[in-house]
There are 2 protein chains.
Amino acid sequence: MIQSTLGIDIGGTHTKYGLVDKQGNLLMEGNMPTSEHEDVNEFLRVLSRNITSKFDAIDEDFELKAVGVGVPNGNFYNGTIEHAPNLNWKGIVPLAELLKTHFNVPVVLTNDANAAAIGEQVFGGAQGMDDFVIITLGTGLGGGIMSNDKLIYGHDGLAGELGHLNVYPEGRPCNCGKNGCLETYASATGLKKTVLELLEQRTDETPLRGSTFESLSGKVITDLAVSGDPIASAAIDYTAKILGLKLADIAAATSPKAFFIAGGLAKAGNILMDSTRDYFEQYIYPPMQGKIEIKLSHLMDKNAAVLGASALAWGQLSKAIN
Amino acid sequence: MIQSTLGIDIGGTHTKYGLVDKQGNLLMEGNMPTSEHEDVNEFLRVLSRNITSKFDAIDEDFELKAVGVGVPNGNFYNGTIEHAPNLNWKGIVPLAELLKTHFNVPVVLTNDANAAAIGEQVFGGAQGMDDFVIITLGTGLGGGIMSNDKLIYGHDGLAGELGHLNVYPEGRPCNCGKNGCLETYASATGLKKTVLELLEQRTDETPLRGSTFESLSGKVITDLAVSGDPIASAAIDYTAKILGLKLADIAAATSPKAFFIAGGLAKAGNILMDSTRDYFEQYIYPPMQGKIEIKLSHLMDKNAAVLGASALAWGQLSKAIN
């Protein structure tokens, strides 16, 4: 009998899941759309049906011990999703409680970036590290800070909202209601907005003038930057400068051994990472210079948040025993 | 026999110390200048002589169990002072080791703001809080972040350098070698510099035009601001805006229950605190609005760092026993 936990990573667009053993092996995995479900109960019914139908196809004997969930604006303390601007379900959603009715095992929940941090520590590049930070660069920017071998949740479970560090307080409007938050610059969406701004301000010729906002992507822009396109290069440089500066601030506060960068935009290539590292070293408190690595997540091809959500569930089980 | 630890708070100008019992009562206290001692060994000889001579005057029977030290750029992991820009002793100073030869008990060391955080938690306003931040506003700005009931030291012991968060990367030169660090704006020195800048830029009449940089102080400026002086008021507003913004960033990352503000500039009055709170609420991630307090340290009239250094020593002793 293989003991296993179910890891679920709920994103704004897609939800991924996997049944994971204690060594991080996936016994089963799958995904489904998130955004087409306006009602959370309906979403959970479809999700549970999809998952249990895949359970039937697993050859090995297994036992489901617990469920772990990573979700934007997830509150670890309450098991709730709280005012998530990028999900359809508004207000406070008692997701852990709702999910428990479907699987009848303990359900534990945290925000998606925190889940990715746990995944990185248990199965990825942060193994053996007590102090590190994960940054997820996708549609938005998420953060998970591990310090003294524990996630920083803060007094209310909301810590790690690094996408909402202030960059330009009078700057771009953010989904959170403020202006000029980090994720309006350093994310796939932010990079695209920077391209539009540069196209407006400059006259350089570039194939980007033939693109719509919707057809643009982090990958298109970084590929053009690598080939020397002036607007794409300037957009990457602008993004890297802001990201490097803010990582330097996070480092001054928490002095991590390393930053791990995950998510779609990180996958797009090395040019953003290299440039971010240069600015980071320029803006970091000098006694920390050259001591903190900025690396790609080691779980880029796997799903760090699914593995992390599963590891969170394993961790919760071992606490329940002790 | 009263068991006690010695708390020492080494500052750029003065060094304070106290012999403290487990309840935080001071059996003895004193202070001496720091800055006139160019050689650290000479400084420690005078300090030890001063302290032991005061031991003789204590009526009660006491036993010294350990020494705790708070010092700028103190590294908890190594017991060293590392490249402190505001002290005479350059490079890496093995202070804990040197001090042990004088007292023959365990010596433990951390940076001054971390010591103040421990003091606030054990004896001050943060009793029972697992997640809070202390900010010391003096000549510079120091930070201590408590999360999950533990100080954030980071991988190398250097975390909490909140004075070196980036405000304007091309801004005022900082002692650390960078430009535009938070402490060049939000500190007694920063406030004085802001007054000079405003005197240069504006034509308002103000008694501040008769002041030298050296005669200015946080107290002089805040008193003038309270009485409606336009330059002093503008300087306080500018300082509060930057401080409020950066506290909002620290909150987004660590979501503390409260910020405690300590140090000479905090003592100067409520006007800076009130204005900082207003800007903080404006710049905070909206789901955190109205949930995080900004308070004066409860140990303003005592010495939070001396009490904290002593509490650090008590904590170390209890770890050694367990």
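Please treat every number below as a calculation from the coordinates, not as lab data. Computed from a prediction, not measured in an experiment: that's the story for all the values here. Neighbour counts are summed over all protein chains in view; Cβ atoms, including those assigned to glycine, are modelled from backbone coordinates with ideal geometry.
Of the cross-linked pairs B:22/B:267; B:150/B:178; B:192/B:241; A:150/A:241, which ones have a Cα-Cα span greater than 18 Å in the structure shown?
B:22/B:267; B:150/B:178; A:150/A:241
Which aspartates and glutamates, on any chain, are close to residue B:302 with Cα under 17 Å apart, when same-chain ones fewer than 8 places away are left out?
Result set, ordered by chain and number: B:9, B:21, B:29, B:112, B:120.
What is the diffusion coefficient of segment B:1-65 in µm²/s, taking the Kirkwood radius over Cα pairs and the Stokes-Einstein relation at 25 °C with a viscosity of 0.890 mPa s?
Using the Kirkwood radius from Cα pairs, D works out to 198 µm²/s.
If you average the C-alpha positions of segment A:246-316 and of segment B:258-299 separately, how far apart do those two centres end up, in angstrom?
Using only Cα atoms, the two centres lie 30 Å from each other.
For segment A:94-245, what is the relative contact order in percent, using Cα pairs closer than 8 Å and at least 6 residues apart in sequence? Mind dumping the intermediate values first?
Details: 196 pairs, mean separation 22.1, N = 152.
15 percent.
Please find, in a Gaussian network model of chain A (springs between Cα atoms separated by less than 10 Å), the residue of A:218, A:180, A:124 whose mean-square fluctuation is greatest.
Looking only at A:218, A:180, A:124, the biggest GNM fluctuation is shown by A:180.
Which order do A:299, A:191 fall in if you start with the one that has the fewest other Cβ atoms within 10 Å? Kindly include the intermediate steps, with their values, before the conclusion.
Values: A:299 23, A:191 26.
Lowest count first: A:299, A:191.
Show the residues, 5+ positions off or on another chain, whose built amide H is closer than 5 Å to the amide H of residue A:66.
A:6
Relative to the Cα centre, what is the charge dipole magnitude of the protein assembly as shown, using +1 at the beta carbon of each Lys and Arg, -1 at the beta carbon of each Asp and Glu, and rounding to the nearest 20 debye?
Magnitude of the dipole: close to 120 debye.
May I ask you to report, in nm to one decimal and beginning with the shortest, the distances from residue A:129 to the same position in the other copies, taking label points 7 Å along Cα-to-Cβ?
Computed spacing set for this position: 2.9 nm.
Aspartates and glutamates near residue A:219 by alpha-carbon distance under 19 Å, same-chain residues fewer than 8 away left out - which ones?
A:183, A:197, A:229, A:237, A:274, A:301
Mind giving me the FRET efficiency for residue A:179 and residue B:149? R0 is 25 Å, r the Cβ-Cβ distance, nearest 0.05 is fine.
Computed FRET efficiency for residue A:179 and residue B:149: 0.10.
Short version: ³J(HN,Hα) in whole Hz for each residue of segment B:83-99, in order, from phi by Karplus 6.51 cos²θ - 1.76 cosθ + 1.60 (θ = phi - 60°), x for Gly and Pro, what are they?
For segment B:83-99, the Karplus-derived couplings read 6, 7, x, 9, 10, 6, 8, 8, x, 10, 10, x, 5, 4, 4, 4, 6 Hz, x marking Gly and Pro.
Considering the Cα positions of segment B:128-296, please state its Rg to one decimal place and its Dmax as a whole number of Å.
Rg then Dmax for segment B:128-296, in Å: 16.0, 51.
Arrange B:318, A:310, B:217 by Cβ neighbour counts within 10 Å, fewest through most, would you?
B:318, B:217, A:310
Summing -39500 (n - 2.57) over the DSSP H runs of n ≥ 4 in chain B and dividing by its residue number, what mean residue ellipticity at 222 nm do you reach, to the nearest 500 deg cm²/dmol?
-12000 deg cm²/dmol
Between residue B:61 and residue B:38, what is the spin-label point distance in nm, taking each point 7 Å from the Cα along the Cα→C-beta axis?
Taking the simple label geometry, residue B:61 and residue B:38 are separated by 4.7 nm.
Determine, at each q value in 0.07 (inverse angstroms), the log₁₀ of I(q)/I(0) that the Debye formula gives when each Cα of the protein assembly as shown is one equal point scatterer.
-0.49
Hey, what's the Cα Rg ratio for segment B:177-221 versus the globular rule of thumb, 2.2 N^0.38 Å? Provide the component values of the computation, followed by the final result.
Working: Rg = 11.2 Å, N = 45, 2.2 N^0.38 = 9.3 Å.
Here the Cα radius of gyration is 1.20 times the empirical estimate.
When the Karplus curve 6.51 cos²θ - 1.76 cosθ + 1.60 is applied with θ = phi - 60°, which whole-Hz ³J(HN,Hα) does each residue of segment B:215-226 get, with x for Gly and Pro?
Once θ is set to phi - 60°, the couplings for segment B:215-226 become 7, 5, 8, x, 5, 4, 5, 5, 4, 5, 4, 4 Hz.
Relative to the Cα centre, what is the charge dipole magnitude of segment B:128-296, using +1 at the beta carbon of each Lys and Arg, -1 at the beta carbon of each Asp and Glu, and rounding to the nearest 20 debye?
Dipole size: approximately 120 debye.
Can you give the extra length, in nm with one decimal, that the chain gains between residue A:197 and residue A:14 once fully stretched, where that is 0.36 nm per residue apart less the Cα-Cα distance?
So the extension gain works out to 63.0 nm.
Which one of B:300, B:289, B:276 is farthest out on the positive end of the charge dipole of segment B:274-322, using unit charges on Cβ (Lys, Arg +1; Asp, Glu -1) and the Cα centre as origin?
B:300
Go ahead and set up a Gaussian network model of chain B, Cα springs under 10 Å, then flag whichever of B:306, B:105, B:195 fluctuates most.
Result for chain B, Cα springs under 10 Å: B:105 fluctuates most.
Just rank A:32, B:288, fewest to most, by other beta-carbon atoms within 10 angstrom.
A:32, B:288
Restricting things to alpha carbons, find the Rg to Rh ratio for segment A:110-168 using the Kirkwood radius for Rh.
Over the Cα atoms of segment A:110-168, Rg/Rh equals 0.97.
For segment A:199-322, rounded, prolate or oblate, judged on the Cα gyration tensor with a ≥ b ≥ c (square roots of eigenvalues), a/c < 1.5 rounded, else prolate if a/b > b/c? If you can, show how the numbers build up before the last one.
On the way: a/c = 3.20, a/b = 1.57, b/c = 2.05.
Cα axes put segment A:199-322 in the oblate bin.
Could you give the dipole magnitude of chain B about its Cα centre, charging the beta-carbon of Lys and Arg +1 and that of Asp and Glu -1, in debye to the nearest 20?
280
Note the direction-averaged projected area, equal to a quarter of the hull surface, for the Cα convex hull of chain B, in nm².
Result: a mean projected hull area of 17.2 nm².
Per residue of segment A:46-54, in order, report the coupling 6.51 cos²θ - 1.76 cosθ + 1.60 (Karplus, θ = phi - 60°) as ³J(HN,Hα) in whole Hz, putting x for Gly and Pro.
Rounded to whole hertz, the list is 5, 4, 5, 5, 4, 5, 5, 5, 6.
Run the numbers on chain A and let me know its relative contact order in percent, using alpha-carbon pairs under 8 Å that are six or more apart.
21
In whole Å, what is the distance between the alpha-carbon centres of segment A:132-183 and segment B:1-67?
43
So who's got an amide H within less than 5 Å of the one on residue B:262, skipping anything under 5 residues away but keeping other chains? H placed 1.01 Å off N, in plane.
B:135, B:136, B:137, B:297
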